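Take a look at the structure set out below.
Taken together, the values in this text are just the output of simple stated rules run on the coordinates, not laboratory data. Here the structure is a predicted model, which is why all the values come from computation and not from measurement. Ideal geometry is used to build each Cβ from the backbone, glycine not excepted, and the neighbour counts take in all protein chains shown.
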Ligand code: TXA
Ligand code: MG
């Protein structure tokens, strides 16, 4: 049985936190909210506990985990060769939605670092996460609390519906503010490199530490693929529906999507469109509004994708977002969710 604690971030019930912290200290798993997405945590220093994370998610065990801390000083116990730039990033953006990769100390087990000589560390700002980490007094490894391949959970109901009885404890703590996973910044080389874009952008970082590179693997966009590519589907952030991004001139996008919706319904297929608020009346079929600006889109994206399962949509079309600032993080998740399928008009 999973111990469920419903906790209000603005009025934290410390008794409930204590119960959940006890589970973590005993080497078991607890799901908790963060400002990015819900995390599935276990003691980062205990290989056995960390194994339970992989089991609960059905995740391949070579994918390294992020270690969560509540106090900057903990970094020195976990990592070494901490540069001035790394200190600047921590001072300016922690607690908050950025993870830094540093050379690890021996205390970090291979199971946590996926066998790498480096470790990913993050200090979350969500008050429930901070209180849990403080009470547990251990570094907590936590990937996003979804079954491997599914969109990351950003609402209490997502974890309850998907993960109940897969873990020992769940803290239901409301909505995640940012809604996309943290920026992952590799700080082991001379020039820091973004390995995963997030709410703290390349532009934000460059204002503090100068040049920041973007992992070239992120820029690879197989944008010539127009048709469905069976078997080539990336299973990441995937709802049950098949997702496509529709790219081009606004008016042409509306036209194309409406034609596709017509065609689909003739074949008995149910379609939905993910769009920004101002376009919601341009489409013939069902629309799911992502928000009015990029911050809202980021915060609602995974919820929108997950909600398409309930309505049993077969096909989901999404509008495209520009690939700079926060748009880069949004497009990164959308492209994966769509298996890089883009319809160009
Ligand atoms: O916002 C977040 O970061 C959330 C919340 C729960 O904190 N966590 C999260 O964890 O997204 P996960 O496991 O879903 O994603 C961790 C990412 C993966 O892409 C992983 O490959 C990368 O960080 N990563 C972890 N350790 C690494 C390392 N030592 N070197 C390179 N990449 C690493
Ligand atoms: Mg994840």
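Note on residue 148 and residue 3: the model spin-label points, each 7 Å out from Cα along the C-beta direction, lie 2.8 nm apart.
Among 76, 158, 236, 68, the order by Cβ neighbours within 10 angstrom, fewest to most, reads 76, 236, 158, 68.
Helix 326-337 and the longest principal axis of the C-alpha atoms of the chain enclose an angle of approximately 70°. Each peptide in 258-269, 333-344 receives the mean, over its residues, of other Cβ atoms within 10 Å, and ordering these scores from highest gives 333-344, 258-269. Label-to-label distance, residue 160 versus residue 84, with points set 7 angstrom from Cα along the beta-carbon direction: 5.1 nm.
Size check on the range 95-200: the Cα extents along the three principal axes, sorted descending, read 42, 28, 28 Å. Relative to the longest principal axis of the chain, what angle (0 to 90°, nearest 10) does the C-alpha long axis of helix 47-57 take? Value to nearest ten degrees: 20. Calculated from the alpha-carbon coordinates, the range 3-179 shows an Rg and a Dmax of 14.8, 44 Å respectively.
Principal-axis analysis of the Cα atoms of the chain puts helix 250-266 at an angle of about 80° to the longest axis. Considering only alpha-carbon pairs that sit under 8 angstrom and 6 or more positions apart, the relative contact order computed for the range 242-344 is 40 percent. Counted over the chain with a bin width of 20 Å, the fraction of Cα pairs per bin, in whole percents, is 31, 56, 13, 0. Of the residues 132, 205, 172, the one with the fewest other Cβ atoms within 10 Å heads the list, and the complete ranking is 172, 205, 132.
DSSP bridge analysis restricted to the chain gives an antiparallel fraction near 35%, rounded to the nearest 5. The mean sequence distance of close C-alpha pairs (under 8 Å, at least 6 residues apart), as a share of the length of the chain, puts its relative contact order at 20 percent.
How long is the gain from residue 92 to residue 48 if the chain were fully straight, where each residue apart is worth 0.36 nm and the alpha carbon distance is subtracted?
Numbers: separation 44, 0.36 × 44 = 15.84 nm, distance 3.42 nm.
Extra length from residue 92 to residue 48 when fully extended: 12.4 nm.
In whole percent, what relative contact order does the range 3-179 give with Cα contacts below 8 Å and a gap of six or more residues?
Values: 387 pairs, mean separation 67.3, N = 177.
Once divided by the residue count of the range 3-179, the mean separation gives 38 percent.
How do 237, 54 rank when sorted from fewest to most other Cβ atoms within 10 Å of their own Cβ?
Working: 237 24, 54 19.
Listed from fewest to most nearby Cβ atoms, that is 54, 237.
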